[in-house]
Amino acid sequence: MRRVVALLLFAAVGVSVPLVPRISAKIPREDPVAIRVDADRRQGPLTPIWAFFGYDEPNYTYMKDGRKLLSELSALSPVPVFVRTHNLLTSGDGTPALKWGSTNAYTEDAAGRPKYDWAIVDRIFDTFIQRKMKPLVEIGFMPEALSTRPHPYKHDWAPGLDYGRIYTGWTYPPTDYGKWGELVYQWVRHSVARYGRAEVESWYWEVWNEPDIGYWRGTPEEFQRLYDYAADGLRCNCVCPGITDTPMLRFHLSKSPDPEAALAERLRRPTGPARSRSCATSSSTAFAARTTRPAGPARRSTTSGFTRKGRPA
């Protein structure tokens, strides 16, 4: 059975947050523990599980130094390396900058009709594929034309400034969930046409990044809806770990007028497997009628690839 595209809520492995100040805490004194490692003793082969790299700035990918670094990272691993980058749907002209990137994959004409442009996204993915690497596709962030609060859009953060300045118009929910879901569908469809079904089915897909902090300025319910429409665009089941109580989350909520109330609100959502729920939209796209998927761990798709009723792949 072929491997199908999997949809992840967020990747917790390999993510570091160097710009978040260290939270001091009193660590209780414990008895010392001695650990002895016998380097001469063999226990068996070590299966690589760390073939993953990620970064914020996608436009450096296809530049000279980006190509060189990715070639070196690919050569380090005996198995295909997955690469995850932010800003694959962020609006802009593709000019690289610190903690920023853009592809302008989605815009709208004067009448509000979607326009798709995959040129920059293709350059990014082509660079991966040419080096036998694979995308761990992060579906984000919100295009300017779809954001419920688009201005300001490009952040002006620089080292030394409040890191909260980084969270601008790209962090908000869409004005039209149908258009959001259609954007994901068209992206996957384009990828299959360009790289082939077998290749795309070997990738992983992720909705957003760390929605429990400033990357998401909507409510938990709005994120669940964002997730559901993206999942429909991919036509697969997935596991949704939910928002959890973490030190990083508490730090970001510490500036709220009532941190405990803010934390309770963030955690007030179902945990466990994600479900698609029946919901309506004013959009004329195919997302008006939705189906309910069973709960449970990730499952292989029962459909033949990336198809929807009445829609060729």
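Observations
- Candidates Leu73, Leu98, filtered to the one that is out of contact with any Leu (no Cβ under 7 Å at 6 or more places or on another chain), under 15 Å from Pro135 (Cβ atoms), surrounded by fewer than 17 Cβ atoms within 10 Å (Cβ to Cβ) and modelled with pLDDT of 90 or more: Leu73
- Test: residue in the stretch 193-216 that is within 18 Å of Pro114 (Cβ to Cβ), surrounded by 23 or more Cβ atoms within 10 Å (Cβ to Cβ) and at pLDDT 90 or above: no
- Flag if Gly164 is more than 24 Å from Phe52 (Cβ to Cβ) and surrounded by fewer than 19 Cβ atoms within 10 Å (Cβ to Cβ): yes
- Test for Glu138: is it buried (at least 21 other Cβ atoms within 10 Å of the Cβ), in a strand (DSSP E or B) and of a type outside the set (S, T, N, Q): yes
- Filter pass, Ser282 being modelled with pLDDT under 75, surrounded by fewer than 18 Cβ atoms within 10 Å (Cβ to Cβ) and polar (S, T, N, Q): yes
The values are calculated or read from the model by the stated rules, or taken from the named source; none is laboratory data. Small disclaimer: the values here were computed from a predicted structure and weren't measured. Cβ sites come from the backbone with ideal geometry, for glycine too, and all protein chains shown count toward neighbours.
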